[in-house]
Amino acid sequence: MALPFRFLSLLLLAACTAFALGPWWAMRSIAQAADERDEAQWHALVRTDHLQTYAGKLLEAMLDLRMYADMKNDTREALRDNSDGKRLVESTARLLAGPQGFRHLLCGELTDDPNGEAQGQAGCWALDGSVRWESPIKARVGFTNPETLWQSELVLLRIGLFQWQAIAVDLPADAILKRFTQSLGLESK
């Protein structure tokens, strides 16, 4: 009787460990898919539609701020640039939500080239974050931008017993927009 009990105890312990390490393993898989730019694996790990919408709204807000700043010089040119920029928002947001631009999105560096290389090897650039459980089916992974010290979070949702998927991102939008308005000269540092 003791042997089956030990076996079941070990099996239960292994299942609980796999269950608890799910978000960590999902982040390792997301980092690997981003490194390899594996689109097929990426779409299994990340729901890009929500990330695209979020990034698109931030990009549109930045374009509107730029238009406001540029209207002081030439209103017609500012409106035309804004219109041209808004046509590129969807494709840029798609790149930011994809494996090539994901690090830029998590670090809050939306104005950088999404196809460009990561700016560092730590924090959000390395996709190295700390997991915080919200419920048995939801976890948040917190990241820090090593240069600006911005805190961002990636929301993971359980989609199977041992499978997780990134469904949303929370960025320090106020800090990102504040730095952008300062770069435009709309706000003093």
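The values are calculated or read from the model by the stated rules, or taken from the named source; none is laboratory data. Note that the coordinates shown come from a computational prediction; the quantities given were computed from them, not determined experimentally. Positions of Cβ are backbone-derived with ideal geometry, glycine not excepted, and every protein chain shown enters the neighbour counts. Keep in mind that these areas ignore ligands, DNA and RNA; they rest on the heavy atoms of the full protein, side chains included. Shrake-Rupley method; radii C 1.70, N 1.55, O 1.52, S 1.80 Å.
Remarks
- The GluC sites (Glu not before Pro) of the stretch 56-150 that meet both conditions, a loop assignment by DSSP and at most 16 other Cβ atoms within 10 Å of the site Cβ, are GLU117, GLU147.
- Protein accessible area in the chain, 1.4 Å probe - carbon and sulfur %: 57 percent
- 3J(HN,Hα) couplings calculated from phi for the stretch 59-75 with the Karplus curve 6.51 cos²θ - 1.76 cosθ + 1.60 (θ = phi - 60°) are, in sequence order, 5, 5, 4, 5, 5, 5, 5, 5, 4, 4, 5, 6, 5, 5, 8, 8, 5 Hz; Gly and Pro show x.
- Within the stretch 2-184, the proportion of Cα pairs with more than 24 Å between them is 44 percent.
- Checking every one of the trypsin sites (Lys or Arg not before Pro) in the stretch 64-168 against DSSP loop status and a limit of 12 other Cβ atoms within 10 Å picks out LYS72.
- Distant-in-sequence amide contacts of VAL169, defined by a placed amide H-H separation under 5 Å and a gap of 5 or more residues or a different chain, comprise VAL155.
- Pairwise Lys count, the chain - Cα closer than 29 Å, eight or more residues apart or different chains: 11
- Taking Lys and Arg as +1 and Asp and Glu as -1, the other residues whose beta-carbon sits under 9 Å from that of ALA78 total 0.
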